[in-house]
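The values are calculated or read from the model by the stated rules, or taken from the named source; none is laboratory data. Note that this is a predicted model, so its numbers are computed, not measured. No Cβ is skipped: glycine too gets one built from the backbone with ideal geometry, and neighbour counts run over all protein chains shown.
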Amino acid sequence: MKGQDRKTGSSLFLVRLWQPESDDAKADWTGRVVHLTSGEASNFLDLSTLAPLLLEMLNTRLVSQNRLVDHSELQNTPKGDDNER
């Protein structure tokens, strides 16, 4: 399975989410991201850091393959308007 990312141009991640035990009903989610083909793993403490962490892990993989991609357009993609249905 190693090297598959290079051939397909895709990456496979496992994301585990859980909510820490707390009396605060609004406690944020925490979790762990694992890049399955390389084994690279990282923890995050709230959901707002998940997308930047995934992009950082992707860019790390792409830099090692000399294929760095600008993902800024992904971060600025407008959300779909529910009224358009």
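Restricting attention to the stretch 41-66, the residues that are touching an Asp or Glu at 6+ places or on another chain (Cβ under 9 Å), acidic (Asp, Glu) and surrounded by 12 or more Cβ atoms within 10 Å (Cβ to Cβ) total 0.
Going residue by residue through the stretch 71-80, is there one that turns out to be modelled with pLDDT under 75, among the charged types (D, E, K, R) and out of contact with any Gly (no Cβ under 9 Å at 6 or more places or on another chain)?
Here is the first cut: in the stretch 71-80, the residues modelled with pLDDT under 75 are 71-80.
Now narrow it down to the ones that are among the charged types (D, E, K, R): 73, 79.
Cutting the leftovers down to out of contact with any Gly (no Cβ under 9 Å at 6 or more places or on another chain) gives us 73, 79.
Yes, the stretch 71-80 contains at least one residue that is modelled with pLDDT under 75, among the charged types (D, E, K, R) and out of contact with any Gly (no Cβ under 9 Å at 6 or more places or on another chain).
For SER38, are the conditions met, namely being modelled with pLDDT under 80 and either exposed (fewer than 13 other Cβ atoms within 10 Å of the Cβ) or part of a loop (DSSP other than H, G, I, E, B) (or both)?
Working: modelled with pLDDT under 80: no; either exposed (fewer than 13 other Cβ atoms within 10 Å of the Cβ) or part of a loop (DSSP other than H, G, I, E, B) (or both): yes.
Answer is no for this residue.
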